[in-house]
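Colleague: Can you keep this structure in mind? I'll have questions shortly.
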Amino acid sequence: MANKEATVAELTEHFRQSSAIVLTEYRGLSVAQLKKLRRGIQADATYAVVKNTLTRIAAKEAGIDAFDGLLVGPSALAFIHGDAVTVAKSLRDFAKENPQLVIKGGYFDGAPISPEEVMQLANLETREVLLAKLAGAFKASLYGAAYMFNAPLAQAVRTVDALREKQESAG
């Protein structure tokens, strides 16, 4: 009994500390395949095979009802503590290669999400790509601003040069 309570407490803590969670069914996957999946997402998530009853209790204790009705069959959860987009991409790509992995639903930004919404998340660009694009846009804006500030100055210099040349030729 104490072991079950410890497991529930640990799961509850995972639920509370995760920025997002993806529920999967892994029926038919080998231990080696599960190990490969874990390695693929370990930088941003913890992938745990869970007992449905204990997971239901832990989710309820954490105030999450996103998985009500979905906890049937062999279940595993990806508790995401890093970039949710990266994990969603990894799960999507792994499921393409291993159709036994079924994405059943998720929890993101305080709300339940469907398997289709997990796929939409996977189709977004990663945080690093978005930051790089943003940095590129800022850089382009700065170049544009620098050009705009220099243009009147350059024109003023050309005007002064033209006036000076005109005065010298008249004098």
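Colleague: State all residues of region 1-25 that are touching a Leu at 6+ places or on another chain (Cβ under 9 Å) and more than 20 Å from PRO112 (Cα to Cα); if no residue qualifies, say none.
Modeller: Listed by number, the residues that qualify are LYS4, THR7, VAL8.
Colleague: Could you tell me how many of the residues in region 129-158 are modelled with pLDDT of 70 or more and under 24 Å from VAL85 (Cα atoms)?
Modeller: Total satisfying the criteria: 7.
Colleague: Conditions first: (1) on the phi > 0 side of the Ramachandran plot; (2) surrounded by 18 or more Cβ atoms within 10 Å (Cβ to Cβ). ARG56 passes all but one, so which condition is the exception?
Modeller: Result: ARG56 passes all but (1).
One line per residue, one yes/no per condition, for (1) at pLDDT 95 or above; (2) in the same structural domain as LYS35 (by TED's automatic domain parsing); (3) in contact with a Cys (Cβ under 6 Å, 6 or more places away or on another chain); (4) surrounded by 18 or more Cβ atoms within 10 Å (Cβ to Cβ):
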{"residue": "ASP65", "(1), (2), (3), (4)": "no, yes, no, no"}
{"residue": "ASP68", "(1), (2), (3), (4)": "no, yes, no, no"}
{"residue": "LEU71", "(1), (2), (3), (4)": "no, yes, no, yes"}
{"residue": "PHE79", "(1), (2), (3), (4)": "yes, yes, no, yes"}
{"residue": "THR86", "(1), (2), (3), (4)": "no, yes, no, yes"}
{"residue": "LYS89", "(1), (2), (3), (4)": "no, yes, no, yes"}
{"residue": "GLY110", "(1), (2), (3), (4)": "no, yes, no, no"}
{"residue": "ILE113", "(1), (2), (3), (4)": "no, yes, no, yes"}
{"residue": "VAL118", "(1), (2), (3), (4)": "no, yes, no, yes"}
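The values are calculated or read from the model by the stated rules, or taken from the named source; none is laboratory data. Every value quoted in this text rests on a predicted model; they were computed, and no experiment measured them. All Cβ positions, even for glycine, are placed from backbone atoms using ideal geometry, and neighbour counts span all protein chains on display.
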